[in-house]
Each structure stands twice: as C-alpha cells, then as structure tokens.
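The values are calculated or read from the model by the stated rules, or taken from the named source; none is laboratory data. What you see is a predicted model, and the numbers here were worked out from it, not measured in a lab. Note that each Cβ is placed from the backbone with ideal geometry, even for glycine, and that neighbours are counted across all protein chains shown.
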Amino acid sequence: CIVEKGQADTIVKAAREAGAQGATVYYARGSGVRERLGLLGVAVEVEKEIINIVVSSEQADYVFEKMYLAGQLDTPGKGFIYSTPLEKAGTFIPPQVLEKLGSNGRSR
C-alpha cells in the first residue's frame, strides 16, 4: 500500500483490527505521478508511506478491504493498494527453536 505521508498509522490500525499481526512502514519520495495527476487538477504529495503486511491467504481479502476503506483509497490522489502472493520467506530461527522442531522443521 502506498499512501500520503501521515496516513499509514490509520491504515495499519485497520489492518491490525482485521487480524494482521503487524506491519512494516517505509518512508519514500515519489516522482512522475504528480506531474501526470496534476493535469487532472489533483494535488499529489511527493512524500509517501509504504506499508507492507503479510497475512494468510484466508485473511488477505478481508484485510485488503479494511485497509482500502481506512485509507479512503477510492479518492483520487490518496494512494493505492495491491496484493501479491508470497510463495516463500526466510528469516533467522534461533537454534533452540530448530532443536524443538527437529531437522525437518516440524514440531515433534
């Protein structure tokens, strides 16, 4: 989800209330869109907030809808939201957790 600066907290709150466990928010500067949308009379701020949230496929549509509504993303210039499947992810897993799971990664 890419939104105007200052809007991420509202959208993340809606996502959490819909069942998301957390979110990552990045701050960025956009370019290009302002010039194109400016022709339509819509002012677009250059500073943006980018929100990444990972949820299960069962939760995805519900969380998406709640974020869309909270961000008023049906209003031109407010931002946009997208969903993409996550096939794989990796992270550090502490050795003591791996020991409990066993070598195959499944709980004993």
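How many residues, within the stretch 84-108, are more than 18 Å from the chain's Cα centre (by Cα), among the hydrophobic types (A, V, I, L, M, F, W, C) and modelled with pLDDT of 90 or more?
Number satisfying all stated conditions: 1.
Please count how many residues of the stretch 1-53 are of a type in the set (Asp, Glu), modelled with pLDDT of 95 or more and either crowded, with 18+ Cβ neighbours inside 10 Å or part of a loop (DSSP other than H, G, I, E, B) (or both).
Number of matching residues: 1.
I need a count of the residues in the stretch 50-68 that are closer than 15 Å to Glu17 by Cβ and of a type in the set (S, T, N, Q).
1
Suppose we keep only residues that are among the β-branched types (Val, Ile, Thr) and out of contact with any helix residue (DSSP H, G or I) (no Cβ under 9 Å at 6 or more places or on another chain) within the stretch 54-75. Which one would you say is modelled with the lowest pLDDT?
Thr75
Does any residue in the stretch 70-85 that is of a type in the set (Val, Ile, Thr) come within less than 6 Å, Cβ to Cβ, of a residue that is in a loop (DSSP other than H, G, I, E, B) and modelled with pLDDT of 95 or more six or more places away or on a different chain, and which pairs are these?
Ile81/Cys1; Ile81/Leu73
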